[in-house]
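Asker: After the structure tokens below, expect a handful of questions from me.
The values are calculated or read from the model by the stated rules, or taken from the named source; none is laboratory data. Note that this is a predicted model, so its numbers are computed, not measured. Every residue, glycine as well, gets a Cβ built from its backbone with ideal geometry; the counts of neighbours run over all protein chains shown. Quick note on the areas: whole protein, heavy atoms, side chains included, nothing else; ligands and nucleic acids left out. Shrake-Rupley method; radii C 1.70, N 1.55, O 1.52, S 1.80 Å.
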Amino acid sequence: MRLDQLSNNLTKKVKKVNAFESMPEISYQLADIGFIPGEQVTVLRRNLFGGDPIMVRIGLSTFALRKQEAELIEVEDLVNHD
Amino acid sequence: MTETAIHFFPKEPLIALVGNPNSGKTSLFNLLTGGKQKVANYAGVTVERKEGKLVFGDKVLRILDLPGVYSLYPRSLDEQITCNVLLGRASGEKRPDLVLCVLDATNLRRNLRLVLAVKRMGIPCIVVINMMDIALKRGIHIDLKALETELKLPIVESVGIKTDGDFSVREKLKEIDFSKNSLAQLIPENEKVDSYTVEDDSKVVNGILQRMGLDSVIPDPLSDKMDRVLLHPMFGPLILLVLLFFIFQAVFTWAELPKELIEQSTDWLGQIVADVLPNNWIKSLVINGIIAGLGGVLVFLPQILILFFFILILEESGYLPRAAYILDRIMGFVGLSGRSFIPLLSSFACAIPGIMATRTISNVRDRLVTILIAPLMTCSARLPVYALLIGAFIPSRQFKFGIELQGLVLFILYLMGILGAMIVAWVLKKLTNKKESFHPLMMELPNYHLPSIKNIAIGLWQRTVIFLKRVGGMIMFLTIALWFLASYPNPPIGSTGPAIEYSFAGMLGKLLAVVFAPIGFNWEISIALVPGLAAREVVVSSLATVYSLAGQATNTEEALVPLIQQGWTLATALSLLAWFVFAPQCLSTIAVVKRETGGYKIPLIMLTYLFTLAYLASFITYRAAIFFGLN
């Protein structure tokens, strides 16, 4: 599942951050701010119009992400160890 | 030909503060250095450089506040600067003798990764755990001794917002003698690894946190509660709107008293000078040129400070990025992201810091568009002009809910600028290609904090100094230059009109008045607009100088009001207001745009479109006003 599809207030963990083709640095920036495999992630709320941007808790930090950014992040269940 | 620059650095030890954004680094910097700060730019780039001094008896330390970064991988301009300074590669910059790595105690998870990156720099380092008080309140107990062992670095704690919250940091810095040997002991040991990834660092950090029992995730309950109201899908935007409206009302009403005080002092000074000086050209220069000119501008310092006061509070409290979150959709509609909101809001104070703040926008197109529309945000330099015209032509009338007519007109002028900016951005969205369609937001919403009085006071003080320097430098120069142009050559013997009509300025003004006649500007306004190109607020002092030399004995802005009330129609006043919403009346902005975009293309586009918009807006306003009989 991708982060933008996650319902509000459900906690998952980051599985993978995909690269955006024409701007590969985006995925590194996401990693810098804490989107690293295994980190806990929750969607706290969505904006009024079209649910974009979303407010995300990653680890202990809170970030506003646009759907476009959230689409790059794959999430999985907390218990799922691989 | 290339030259190798040789720099001579002050001999005092240089200490650099490194930390994540929102780690309270700048608060700590303010505590350590107090008001003794120098704000400038790094050589060649527009990243703000803040340096201060910390003095213990005869020991003086230079403290450098580096830009906040999430990593030391040089992706953004801020990160490049921080990296280069730490590596000793920044031009004109000495490699710091010691780094203070400032961490937010409530978010060690993310902040510790930066420590690992700093350690790899092989530079003497001390870790400062900031916001210890908040961490304790939230039940986060950090065993500093254990963390010292884990990181193999000395650690001190601090509370960035308390008066003596930097006590431990000061004590630690007092201890160090900054000799080569003792500094060498502070260089962290590193296992030699050729490459590392963020994931590797994250594993190391998680290991440390697990061993210290800090690996559970405890968010800030208060911030979450406040967000439930302030970011409520319905109430959030409403609260933001009310807040902005309140700020603009306050800018006008709160400033009344200090404004009167400044006016009275200028009058008093003018009287004294008039009594003392002999009746010759020097007297004319001092009274008509300097006192009339500068007094007219100084009067608006209170309003500028009130606006900055609110911007600083919103910034310090953590609300500002949330406002950007709320407005992201609207910005997206015109092809921008919420990231553009903070530069644009800063532009309400002054377009220059606003344009510099666009560096945080990683999308090149978004950044250029934000730069192009930044001058449409009503900057504080426009306030003197607006205040003069509104005060002279719009009656003060009270409506329900504490709404006041003059404040309302001001609010409308601000809205016009915003609306204009949105239309321009929307047009640019349609014109530019859609290939590069990623508009990153990725903006941190930090926990709410009570703003520290000290930080606000220092911020306001820096603004005051910048404004007074402008008044004393650029504005003083232009005022004197205009006085000269408006006073010479002397009128021919036997002439009947006021002397200024025969001067250089008079001739120029009459020439320009032909161009400006269709939008209702007389030749006095046309003259004043010329020096006003350099800085908007000069227009007020220029009008004062022009009218004062045109015969009517006036030496302050106060005396200008009845004169323009008699001389101008309401249509002219409204047209001039419309002109100032759009016109690029500021040389320094154009200069900064040229430096930021690295060429003449963008500044030229900016000048052209702004002048066109201004002329159109004034034309429509003037004609409409005449049509509705406001002549």
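Asker: Residues in region B:338-352: is at least one open to solvent by less than 20 Å² (accessible area, probe 1.4 Å), within 14 Å of chain A (Cβ to nearest Cβ) and either of a type outside the set (Phe, Trp, Tyr) or within 25 Å of B:Ser548 (Cα to Cα) (or both)?
Answerer: Within region B:338-352, one or more residues are open to solvent by less than 20 Å² (accessible area, probe 1.4 Å), within 14 Å of chain A (Cβ to nearest Cβ) and either of a type outside the set (Phe, Trp, Tyr) or within 25 Å of B:Ser548 (Cα to Cα) (or both).
Asker: Follow-up. Do we have B:Met212 as more than 14 Å from chain A (Cβ to nearest Cβ), of a type in the set (A, V, I, L, M, F, W, C) and under 27 Å from A:Gln40 (Cα atoms) here?
Answerer: Answer is yes for this residue.
Asker: Still on this structure: Considering only residues that are polar (S, T, N, Q), at pLDDT below 85 and assigned to a loop (DSSP other than H, G, I, E, B), which ones fall in region B:471-527?
Answerer: B:Asn490, B:Ser495, B:Thr496, B:Ser503
Asker: Give B:Leu72, B:Leu66 a once-over and let me know the one that is closer than 27 Å to B:Leu151 by Cα, in contact with a helix residue (DSSP H, G or I) (Cβ under 9 Å, 6 or more places away or on another chain) and more than 14 Å from chain A (Cβ to nearest Cβ).
Answerer: Going through B:Leu72, B:Leu66 in turn, just one is closer than 27 Å to B:Leu151 by Cα, in contact with a helix residue (DSSP H, G or I) (Cβ under 9 Å, 6 or more places away or on another chain) and more than 14 Å from chain A (Cβ to nearest Cβ): B:Leu66.
Asker: Condition first: outside any helix (DSSP H, G or I) and open to solvent by less than 30 Å² (accessible area, probe 1.4 Å). Now tell me which residues in region B:77-120 satisfy that. Spell out the reasoning first.
Answerer: Taking region B:77-120 first, the residues outside any helix (DSSP H, G or I) are B:88-104.
Correct list: B:Ala90, B:Glu93, B:Pro96, B:Leu98, B:Val99, B:Leu100, B:Cys101, B:Val102, B:Leu103, B:Asp104.
Asker: In this structure, does A:Arg57 turn out to be charged (D, E, K, R) and facing chain B (nearest Cβ under 9 Å)?
Answerer: Yes: the conditions hold for A:Arg57.
Asker: Quick check, is B:Trp281 under 30 Å from B:Trp483 (Cβ atoms), touching a residue at least 60 places away in the same chain (Cβ under 8 Å) and loosely packed, with under 15 Cβ neighbours inside 10 Å? Spell out the reasoning first.
Answerer: Values: under 30 Å from B:Trp483 (Cβ atoms): yes; touching a residue at least 60 places away in the same chain (Cβ under 8 Å): yes; loosely packed, with under 15 Cβ neighbours inside 10 Å: yes.
Taking the combined requirement at face value, the residue satisfies it.
Asker: Could you check how many residues of region B:567-593 are among the polar types (S, T, N, Q), at pLDDT 85 or above and assigned to a helix (DSSP H, G or I)?
Answerer: 2
Residue-by-condition table, conditions (1) of a type in the set (Gly, Ala, Ser); (2) under 28 Å from B:Cys379 (Cβ atoms); (3) buried (at least 18 other Cβ atoms within 10 Å of the Cβ):
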{"site": "B:Gly236", "(1), (2), (3)": "yes, yes, yes"}
{"site": "B:Ser265", "(1), (2), (3)": "yes, yes, no"}
{"site": "B:Phe309", "(1), (2), (3)": "no, yes, yes"}
{"site": "B:Ser317", "(1), (2), (3)": "yes, yes, no"}
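Asker: Looking at A:Lys67, is it within 11 Å of chain B (Cβ to nearest Cβ) and open to solvent by 40 Å² or more (accessible area, probe 1.4 Å)?
Answerer: yes
Asker: Does B:Ile126 satisfy the condition of being closer than 20 Å to B:Asp65 by Cβ and touching a helix residue (DSSP H, G or I) at 6+ places or on another chain (Cβ under 7 Å)?
Answerer: Numbers: closer than 20 Å to B:Asp65 by Cβ: yes; touching a helix residue (DSSP H, G or I) at 6+ places or on another chain (Cβ under 7 Å): yes.
So B:Ile126 passes the test.
Asker: Residue by residue through region B:323-352, note down the ones that are closer than 18 Å to B:Tyr414 by Cβ and in contact with an Asp or Glu (Cβ under 8 Å, 6 or more places away or on another chain).
Answerer: Once the filter is applied, which keeps residues that are closer than 18 Å to B:Tyr414 by Cβ and in contact with an Asp or Glu (Cβ under 8 Å, 6 or more places away or on another chain), region B:323-352 yields B:Ser340, B:Phe341.
Conditions tested, residue by residue: (1) modelled with pLDDT of 85 or more; (2) under 25 Å from B:Pro302 (Cβ atoms).
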residue	(1), (2)
B:Ile208	yes, no
B:Pro219	no, no
B:Asp224	yes, no
B:Val229	yes, no
B:Leu244	no, yes
B:Val251	no, yes
B:Glu256	no, yes
B:Lys259	no, yes
B:Ile262	no, yes
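Asker: Please specify each residue of region B:353-397 satisfying the condition of being away from chain A (no Cβ under 14 Å), of a type in the set (Ser, Thr, Tyr) and in a helix (DSSP H, G or I). Before you say what the answer is, go through the steps one by one.
Answerer: In the first step, residues of region B:353-397 are kept if they are away from chain A (no Cβ under 14 Å); the result is B:353-359, B:368-397.
Now drop any that are not of a type in the set (Ser, Thr, Tyr), which leaves B:358, B:370, B:378, B:380, B:386, B:396.
Matches in region B:353-397: B:Thr358, B:Thr370, B:Ser380, B:Tyr386.
Asker: Do the conditions hold for B:Pro440, that is, is it part of a loop (DSSP other than H, G, I, E, B), within 14 Å of chain A (Cβ to nearest Cβ) and modelled with pLDDT under 85?
Answerer: Considered against the rule, which asks whether it is part of a loop (DSSP other than H, G, I, E, B), within 14 Å of chain A (Cβ to nearest Cβ) and modelled with pLDDT under 85, B:Pro440 comes out as yes.
Asker: From the list B:Thr621, B:Thr608, which residue is closer than 24 Å to B:Val538 by Cα and free of Cβ contacts under 8 Å to residues at least 24 places away in the same chain?
Answerer: B:Thr608
Asker: Here's another thing I want to ask about it. Of the residues in region B:608-631, how many are surrounded by 14 or more Cβ atoms within 10 Å (Cβ to Cβ) and not aromatic (Phe, Trp, Tyr)?
Answerer: Selection size over region B:608-631: 11.
Asker: Restricting attention to region A:24-67, and to residues there that are free of Cβ contacts under 8 Å to residues at least 40 places away in the same chain and in a helix (DSSP H, G or I), which single residue is farthest from the chain's Cα centre (by Cα)?
Answerer: A:Glu25
Asker: A follow-up question, please. Yes or no: B:Ser27 at pLDDT 85 or above and of a type outside the set (Lys, Arg)?
Answerer: Judged against the criteria, B:Ser27 is a match.
Asker: Out of B:Asp328, B:Asp275, which single residue is within 14 Å of another protein chain (Cβ to nearest Cβ), among the acidic types (Asp, Glu), part of a helix (DSSP H, G or I) and over 18 Å from B:Ser380 (Cα atoms)? Let's see the steps before the verdict.
Answerer: Details: B:Asp275 fails: within 14 Å of another protein chain (Cβ to nearest Cβ).
After applying the criteria, what remains is B:Asp328.
Asker: Additional query: Regarding A:Leu78, is this residue under 22 Å from B:His439 (Cα atoms), open to solvent by 10 Å² or more (accessible area, probe 1.4 Å) and more than 7 Å from chain B (Cβ to nearest Cβ)?
Answerer: Taking the combined requirement at face value, the residue does not satisfy it.
Asker: Okay, moving on. Here's a check for you: in region A:1-45, which residue that is charged (D, E, K, R) and facing another protein chain (nearest Cβ under 9 Å) is most open to solvent (accessible area, probe 1.4 Å)?
Answerer: A:Glu25
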